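The values are calculated or read from the model by the stated rules, or taken from the named source; none is laboratory data. Treat the numbers as computed from the prediction; the structure is a model and nothing was measured. Cβ placement follows ideal geometry from the backbone for every residue including glycine, while neighbour counts extend to all protein chains displayed. The area values use the complete protein model at the heavy-atom level, side chains included, leaving out ligands, DNA and RNA. Shrake-Rupley method; radii C 1.70, N 1.55, O 1.52, S 1.80 Å.
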Amino acid sequence: MRIVLLFTLLLVNTPFFAQSADEKQIKAIYDMALTKGKAYDWLNYLSNQIGGRLSGSVQAQHAVEYTKEQLDSLGLDRVWLQPVMVPKWVRGTPEFAYIETKPGLTTNVPICALGGSVGTPDGGLKANIVEVQGIEDLEKLGRKKIEGKIVFYNRPMEPTLVNTFAAYSNCVDQRYSGAAEAAKFGALGVIVRSMNLRLDDYPHTGSMGYGDTPVKNRIPAAAISTNAAELLSTTLKLNPDIKFYFRQNCKQLEDVQSYNVIGEITGSTYPNEVMVVGGHLDSWDLGDGSHDDGAGCVQSMDVLRLLKETGYKPKRTLRVVLFMNEENGLRGGNKYAEVAQNKGENHVFALESDSGGFTPRGFSFDCSDENFEQVQSWKGLFEPYLIHLFEKGHSGADIGPMKNESIVLAGLVPDSQRYFDHHHAENDTFEHVNKRELELGSATMASLVYLMDKYGTVPSKKIKG
């Protein structure tokens, strides 16, 4: 009797359940990623042997060759390069800037040219400076207070927004359109506070555009570090007559040919239904682009390897795409979508990783309500891995051009609190990527791809007229 009672107590207190096939497959994916992952080694080479991969650069071409070679080694069914013409903007010699409080009394400050900017005159540009909190302030000040001066955009990212991408979106217009708008009021140049929540000495570059501004009216634009922006703002309040000097000799050259790097495993049941996973291979030139977006590229490469190594046979064609030129043109994403449309390819799902190699939290989906309901039904499978966020929203810039009424688009959502410390700056380097966090991202992506492939997407309900 005592033995029976003991056995009963053991049964009651021991967690005992049969794992489903999905739980087993997902566990196998995570186990493989965390013990035999390849993403970190690939990123090490991309970052430390190749470095920053600005579109049209020698480093970008080296990255194309390296990643194709690595995909070739995985035994995929097909690997190829897709030609795409990309812009070639070069930074030139390092930028230089200072605040002049009185003739001969200067303080050097760290700046960097914004991507796509024109250079300053050969000897640099020095002028009085006017501070604004955003583009809307230009109209309030008027031409009389702006003409002949340098405009200083100093709206910071909003620290109360936990979603740091929302904080970024709220002020990035001053970086992208600030020069074009200030030129309309006769400004000589613009200095933009870096898109960074932290106070530090790293200026953060990023794309800017002139719109339809005539070439002769285009003015130089540079980013200033957040510490220096605070110093400049304080100094300006104490003495509105200070001058600012900066020199940069960046320029835009003719477009050059580059490539999207593509590899695929052919589907066993529905080979004509294509599922894409990817990131962008190009990066800015200040750091080595480890988080933005080397991490997304190596995670996407590892998705196909993880599924293959765990013995999963995909029903649909799984394709990894390393897009070129997301940072300053989106040419790779547009070219891929154009070729796919011209070939009549049926893309049913696409997943992008372009938010850094930090701890994964979940996914953001751009899809129908029916497909989102299906995704939400899988939440329990992800909970053991602390993946909890499933929301509707933005997916990814490179896969955006593929959007139609039936495709499911998704973006990996890692923890974003540290992302903008490194975004487009000199400190976006390999040492700031945690191996385990990167591998968890690969496994999380592979798990979603597995589920989407196994169960397929839900056809959208047509609304009858």
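General observations
- Those lysines that a straight Cα-Cα span of less than 18 Å connects to Lys144, excepting residues fewer than 8 apart in one chain: Lys184, Lys243
- Computed [θ] at 222 nm, deg cm²/dmol, the chain (DSSP H ≥ 4; -39,500 (n - 2.57); rounded to nearest 500): -9500 deg cm²/dmol
- Dipole magnitude for the chain: about 420 debye, using +1 per Lys or Arg Cβ and -1 per Asp or Glu Cβ, origin at the Cα centre.
- Among Leu46, Pro214, Leu253 - extreme Cα towards positive end, dipole of the chain, charges at beta-carbon: Pro214
- Rounded percent of accessible protein surface that carbon and sulfur make up, segment 5-146, 1.4 Å probe: 57
- Accessible area of segment 208-271 belonging to carbon and sulfur atoms, whole % at 1.4 Å probe: 50
- Average projected area [Cα convex hull, segment 377-425], square nanometres: 5.0
- Under the span-like rule (Cα at least 24 Å along the axis, Kyte-Doolittle mean at least -1.0), DSSP H helices of the chain: 435-455
- Over all projection directions, the Cα-based convex hull of segment 121-181 averages an area of 5.1 nm².
- Per-residue surface analysis assigns Leu197 an accessible area of about 70 Å², computed on protein heavy atoms at 1.4 Å probe radius.
- Protection proxy ranking of 380-392, 75-87 - average other beta-carbon atoms within 10 Å, highest first: 75-87, 380-392
- Backbone N under 14 Å from the Tyr45 label point (7 Å along Cα→Cβ), restricted to segment 70-99: 70-75
- Out-of-range pairs (alpha-carbon distance over 21 Å; input Lys216/Lys335; Lys38/Lys308; Lys145/Lys237; Lys102/Lys140; Lys36/Lys315): Lys216/Lys335; Lys102/Lys140; Lys36/Lys315
- Per residue accessible area of segment 354-465, 1.4 Å probe, in Å²: 43
- For the pair Lys36 and Lys313, the difference between a 0.36 nm per residue extended length and the Cα-Cα distance amounts to 97.8 nm.
- Spatial separation of Cα centroids for segment 128-177 and segment 216-265, in angstrom: 14
- Using a probe of 1.4 angstrom and keeping all protein chains present, the accessible surface of segment 7-137 works out to 51 square angstrom per residue.
- Sequence of Met32, Met275 from largest to smallest accessible area, 1.4 Å probe: Met32, Met275
- Student exercise, segment 397-465 dipole from Lys, Arg, Asp, Glu Cβ charges, in Debye to nearest 20: 720
- Hydrodynamic radius by Kirkwood, which averages 1/r over all alpha carbon pairs of segment 108-156, in angstrom: 12.6
- In the distance distribution for segment 241-315, Cα-Cα pairs more than 17 Å apart total 65 percent.
- Cα-based shape type of segment 102-243, given that a ≥ b ≥ c are square roots of the gyration tensor eigenvalues and the cut on a/c is 1.5: rounded
- Packing here is the average count of other Cβ atoms within 10 Å per residue, and on that basis the peptides 247-253, 224-230, 439-445, highest first, run 439-445, 224-230, 247-253.
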